[in-house]
Structures are given as C-alpha cells and as structure tokens.
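Notes to accompany the following structure.
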Amino acid sequence: MKSRRVKDLMFGAAGMLAVLVVAVGIFWWVVTDPAGGDEARSPSPRPADVARAPGAEPPSDLGTDEAWFEELRLDAATLVTEGSLLHDVEAVGQDVVTSPETVVAGRVSVEATVPFEVVADEVGGGTSVGAAADGQATVVRTVEVLGRDLRVTATGTVAAQDGRLVLEPSSIDIGGPDFFSDATATLVRQLVTIEHDIEGLPDGLVLQDVVVQDDGFRAYLRGESVRLVP
C-alpha cells in the first residue's frame, strides 16, 4: 500500500512537471520572435519617412555661416507664451536653413491642443467651454438681454474658418417655453459664437482643421517659408 502511494505521488509530480514545461514553452513562443526576424516586426514608418516633401536636397547656395536640416522635430508637453497656452505640441519643420540672423523652414506642420480654459477666458464673463456629444462643443455663459442677466447654454460644431477656430452654435438653450427660447436665441446667438486666434506660434502658420477632444481643441496648422526665429 505504501509503495503504491509513493508511485502515485511520483506520477502526479511528473504530470505537473510536464504541464509546467509545456506552459513555459508556449509562453516563450508567444513573447519572442524568430532569430533574424526583425524585418518582419519593424515599426510602421512615419509619414515623413514614406514620402519626402519636394526640396529635400540642401540648397546649392548655402552660405558658409549657414546650416541646412532636412527635418527638425519638436515635442513639448506645454508651450507658454505671453497670452497663450498650448498642450501636447508636436511640430515638424522640413527644409530648415539656419544662419546667425534667423531660422527659416520651407514647410512646417504643428499639432497642438488649445485648452478649453484658454478659449473661455478670452470670452470672459464666467464663461465655461467643454466637449459635447458627436464631436461638438458646449459654451455656457451669462449674457445681458434687455437689462437682465440670462444664463445661456449653446452647443455647436467647431471648424477652422479663415485661419481661426470658430464655434458656431447649432442649438441654444435658455430654459423656459420653446417659443420664448427660440425668440431669445436669435438675440444671443452672436454672444455665444466663438472666434479664436491661436497665438504663441510663428507667423505664417495657418489653421487647417480642428477637432474637439476631452481636454480641449486639437488644432492642426500648416505653413510654408515660416520664419522660426525673427
């Protein structure tokens, strides 16, 4: 009886060991790659690596005190200038020529987030701005109508128009009966329409598109022959 129990224990231990070996083998197979297989796992190329923009050759008339960069990249968590605040800034400059006097990029693209608070502070009057459903934004502010303060909530789409960030209300809510709200909405529409110039970036950059995020407006700007250093 004792000998049989020892054999059972030995068989059980052997079975557990076999299961452990198989499990370790599967884990090793999943988390590793075949030797020499780096090419198959290489990261996706960046857009700038796939198709270089025209003019990716150094200028033939480069001066002795000048330097040429095919591409320069800047990532900043926060960019603060006088009267401006941007988050998550990603800038790419191509065909950049530097000299003791200035720095000029042939092409520049910038992505940055304009916090809701920046836009709200520009409007003033205790205004609050935030994200709404379906990629829209909401503006809540107090306006004066016929000598009385009125709390208005406006929701609308955000777009780039003439290089500016524009929030155009598609619905305005002031409470009360529908006929009263509709009539008053016409009076206050302009007061809850937002037009914002993105500041703190070099001249020559033009706003191309804007998307509403949870933390602000994600802006996409482009420009050519941008002077990075005056």
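Here are the numbers for the structure shown:
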read-out: Test: residue in region 186-196 that is in a helix (DSSP H, G or I) and open to solvent by less than 30 Å² (accessible area, probe 1.4 Å); value: yes
read-out: Test for ALA105: is it under 29 Å from ASP203 (Cα atoms), in contact with an Asp or Glu (Cβ under 6 Å, 6 or more places away or on another chain) and not polar (S, T, N, Q); value: no
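The values are calculated or read from the model by the stated rules, or taken from the named source; none is laboratory data. Not measured: the values here are computed from a predicted model. Positions of Cβ are backbone-derived with ideal geometry, glycine not excepted, and every protein chain shown enters the neighbour counts. SASA here: full protein model, heavy atoms, side chains in, ligands and nucleic acids out. Shrake-Rupley method; radii C 1.70, N 1.55, O 1.52, S 1.80 Å.
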